[in-house]
1. Quick one: count up the residues across the stretch 135-157 that are under 21 Å from Arg103 (Cβ atoms) and open to solvent by 60 Å² or more (accessible area, probe 1.4 Å).
2. Looking at the stretch 372-385, can you tell me whether even one residue there is among the basic types (Lys, Arg) and within 26 Å of the chain's Cα centre (by Cα)?
3. Sort out which residues of the stretch 241-263 are of a type in the set (S, T, N, Q) and in contact (Cβ under 8 Å) with a residue 24 or more places away in the chain, and write them in order of number.
4. Taking only the stretch 357-370 into account, find how many residues are aliphatic (A, V, I, L, M) and surrounded by fewer than 22 Cβ atoms within 10 Å (Cβ to Cβ).
5. Taking the condition open to solvent by 30 Å² or more (accessible area, probe 1.4 Å) and farther than 30 Å from Asp308 by Cα, does Leu164 pass?
6. Filter the stretch 151-166 down to residues that are in contact (Cβ under 8 Å) with a residue 12 or more places away in the chain, part of a loop (DSSP other than H, G, I, E, B) and not β-branched (Val, Ile, Thr), then give me how many there are.
7. Pull up the stretch 266-316, narrow it to residues that are of a type in the set (S, T, N, Q) and modelled with pLDDT of 90 or more, then point me to the one that is nearest to Val335 (Cα to Cα).
8. Restricting the first residue to the stretch 127-144 and requiring it to be farther than 15 Å from Ser165 by Cβ and assigned to a loop (DSSP other than H, G, I, E, B), which pairs with a second residue that is open to solvent by less than 50 Å² (accessible area, probe 1.4 Å) and of a type in the set (Lys, Arg) meet a Cβ separation below 9 Å and a spacing of at least six or different chains?
Amino acid sequence: MVTVADGSSAGNTDLIRLKTELHRQIIDLVDFSRAEALTEAELRAQLKALAEYLCARQPVTLSETQRERLVLELMDEIYGFGPIESLMVDPAVSDILINGPDRVLVERRGVLEETGIRFADSQHLMQFIHRLVGRAGRRIDESSPMVDARLPDGSRFNAIIPPLSLGGATVSIRRFGNQRIQMENLVQFGTMAPTMADFLVLAVQGRMNVIVSGGTGAGKTTLLNCMSRYISDSQRVVTIEETAELNLQQRDVVSLETRLPNLEGRGAVTQRDLLRNALRMRPDRIIVGEARGSEVLEMLQAMNTGHDGSMSTVHANDARETLDRLELMIALAGVELPSRIARQYICNAVDIVIHVTRLHTGERRVTRISEVSGLKDGEWRMDDIFVYRLSGESRGGRPVGAFYATGYQPVALRRLASAMPRDESSQPPPGQPPRAGHAERLLQHRARFCRPGSAPARRPHSQPR
């Protein structure tokens with residue numbers, strides 16, 4: 001009889017292999033066609049009893065703690081996320097990266113960390129991938145070795161297997177916490193200054209067309225979700241995404257998601273197809289989760305044809321590069337437009353560009369909020385409203401910087417001012433000149449220094465939800 005050492009690396013490996021073998025035995029013994037007649041609670045109870053019975057028959061000496069742990073992990077293999085179940089319930093984990101069966105990393109608070117979690121072998125990892133892919137209604141094999149899907153809990157799941165992945169199966173899971181992040185939270189995290197949050201709220205309420213740019217993992221979708229909170233409940237919103245990540249709370253939201261081709265290579269529905277259809281759905285606003293191809297032409301058409309307040313995200317390294325990428329994507333749509341015409345089309349559609357940066361410490365910062373003012377001699381004219389400037393690093397290696405208002409007053413100032421709810425208490429007495437509106441006061445910063453936290457974090461102006 002073999003004794004499994006508790007806590008050692010070899011002991012953990014033996015437990016993993018034993019758990020994998022027991023899992024296979026359970027799958028062979030259970031008739032899941034008959035199990036459909038049972039409730040989930042009854043099925044769980046019977047599977048747990050079977051797992052405990054099989055554990056007791058194993059030719060190894062297991063302590064009571066190990067047996068309980070093994071039963072729980074077997075249930076995770078059947079119902080949950082197997083070896084990474086503890087990571088999937090950890091609210092501090094934002095990304096889970098599996099590089100083969102022997103290496104699992106997580107991102108906590110923007111920093112990658114190694115874990116001691118292991119899969120039994122490559123076959124165990126492949127079983128895990130097939131199970132999660134099956135839950136999402138997708139498939140993965142040698143003929144289709146890549147998959148991008150949404151898990152039932154809302155997490156984004158990506159897997160790539162051999163022969164494309166030379167080092168073995170690789171999995172990336174982007175988790176979205178159960179707690180909905182609000183604009184106030186971004187101010188508290190130091191992602192932006194309070195006045196920047198106020199401006200973005202006004203931009204949404206004033207129905208500005210907004211593009212959020214940044215790199216992978218910079219927080220573009222998170223910021224888009226926060227801004228969408230301030231869309232009026234009286235408006236009809238259509239969202240279009242490849243993998244649904246947006247979570248809007250308005251009463252009239254239509255969420256659309258693309259579809260991949262079937263085994264015969266037919267039936268694909270692209271973002272461009274959905275955008276064309278969305279224009280016939282009487283939307284007040286259209287939100288595209290990420291513009292990355294020819295669908296940008298339809299998105300810009302929507303922004304130019306009465307769907308004010310539409311928003312999207314774009315992968316880019318800088319605010320100005322965002323417009324260059326939009327121009328490139330118009331070319332990908334197969335429309336032969338002179339460069340000046342394409343640029344003018346973009347300038348007419350986009351009002352505000354917000355650039356989000358992920359610093360080397362994992363912290364996110366809104367580094368630039370700019371207005372697209374038009375063209376000058378054929379070149380983009382963008383005027384910065386707010387900027388974030390790095391001044392160095394602290395002794396602990398953390399970035400040191402500050403937010404600044406440039407003093408530039410947007411051309412859309414009057415539009416923003418009219419969108420701001422009037423405060424009757426601020427109206428002047430009869431016979432006196434009118435006071436500056438909230439939006440004017442908000443944006444009349446002449447290079448005023450605005451450190452994160454220097455103003456109290458507060459709830460931006462909004463209608464109650």
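The values are calculated or read from the model by the stated rules, or taken from the named source; none is laboratory data. This structure is a prediction, so every number in the text was calculated from the model and none was measured. As a convention, Cβ positions derive from the backbone with ideal geometry for all residues, glycine included, and neighbour counts pool all protein chains shown. Accessible surface is based on the protein model in full, side chains and every heavy atom, while ligands, DNA and RNA are left aside. Shrake-Rupley method; radii C 1.70, N 1.55, O 1.52, S 1.80 Å.
1. 2
2. No, the stretch 372-385 contains no residue that is among the basic types (Lys, Arg) and within 26 Å of the chain's Cα centre (by Cα).
3. Thr243, Asn247, Gln249
4. Counting residues in the stretch 357-370 that are aliphatic (A, V, I, L, M) and surrounded by fewer than 22 Cβ atoms within 10 Å (Cβ to Cβ) gives 1.
5. yes
6. Qualifying residue count for the region: 9.
7. Ranking the qualifying residues of the stretch 266-316, first place goes to Asn277.
8. Filtered contacts from the stretch 127-144: no entries.
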